[in-house]
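S.K.: After the structure tokens below, expect a handful of questions from me.
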Amino acid sequence: AIYNKVQRRKGKTTPFEQAYTGSPETAKRSIQATDMRKLLKLQLPVGSRLALSRDVFLFCFYCLGMPFIDVAFLRRNQISNGCITYYRRKTHQAIHIPIEPQIKEIIARYHHTQRELVFPILTQTQGVDAYSDYRRKLSQYNYDLRQLSQMAKLKTRLTSYMVRHTWASMAYERQVDLHVISKALGHDNPQTTLVYIRG
């Protein structure tokens, strides 16, 4: 009814001529290899929170774009026979990652026999308290990534999710098969993966 009323008005061809129906251009969600190298070269105090956040970001990248939530809850018993095996919290898909030297180095840096989790991120590990703790630590992690972006003089501001887009884009640029990238990210549909690559 509203459409028909507008149509009858003089000089109006469509009620939607002023409405924007396209998709807004999204901010870049991946960074280049040169940016990763700048991040890697940053001199940070050993044992500092910024050093941990940088290591976690790199670990996520080396582990085929592992999400922060899965890194935060990663347990030592999920590492065996030179492989990390975890189930994505979002999709429950099993992901198997061979432990390359860079991954091994970061794990060794945070090895502690009395701790169940690989990284000293969470203080709570069970139930609602664990999820609340994770949300706080995710916010803290993203704050640290903003700091690291400035310190490394990156043009793009780092976020926790950016590492997945970065790994997918770099793998695709190096001719890794789309289905392999999709499986590594835990996607059921390769079209979802293309969104990551285009970002």
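S.K.: Sort 158, 42 by heavy-atom solvent-accessible area, probe 1.4 angstrom, most to least. Each step should come with its number before you reach the end.
M.R.: Numbers: 158 0, 42 30 Å².
Descending order: 42, 158.
S.K.: If the label point is 7 Å along Cα→Cβ of residue 97, which residues in region 158-182 have backbone nitrogen under 16 Å from it?
M.R.: Residues passing the 16 Å test: 160-171, 181-182.
S.K.: Given a 1.4 Å probe and the protein chains all in place, what does the accessible area of residue 76 round to, in Å² to the nearest 10?
M.R.: Number for this one is 90 Å².
S.K.: What figure, in Å² to the nearest 10, do you get for the accessible area of residue 129 with a 1.4 Å probe and non-protein molecules left out?
M.R.: 90 Å²
S.K.: Excluding residues on the same chain fewer than 8 positions from residue 155, give the aspartates and glutamates whose Cα lies under 13 Å from its Cα.
M.R.: Result set, ordered by chain and number: 35.
S.K.: Cα centroid distance between region 92-131 and region 145-199, in Å?
M.R.: About 21 Å separates the Cα centre of region 92-131 from the one of region 145-199.
S.K.: Output wanted: per-residue J couplings in Hz (rounded whole) for region 47-64, from phi through Karplus 6.51 cos²θ - 1.76 cosθ + 1.60, θ = phi - 60°, x for Gly and Pro.
M.R.: Coupling constants for region 47-64: x, 7, 5, 5, 5, 5, 5, 5, 5, 5, 4, 5, 4, 4, 5, 4, 8, 6 Hz.
S.K.: At q = 0.14, 0.18, 0.25, 0.29 Å⁻¹, what log₁₀ I(q)/I(0) does region 72-123 have when each alpha carbon counts as one equal point scatterer in the Debye sum?
M.R.: Log10 of I(q)/I(0), two decimals: -0.36, -0.60, -1.09, -1.27.
S.K.: Report, to the nearest whole %, how much of the accessible area of region 110-199 belongs to carbon and sulfur atoms, 1.4 Å probe, protein only.
M.R.: 50 percent
The values are calculated or read from the model by the stated rules, or taken from the named source; none is laboratory data. This is a predicted model, so every value here is computed, not measured. Backbone-built Cβ (ideal geometry, glycine too); neighbour counts: all protein chains shown. Just the protein is used for accessible areas: all its heavy atoms, side chains included, with ligands, DNA and RNA removed. Shrake-Rupley method; radii C 1.70, N 1.55, O 1.52, S 1.80 Å.
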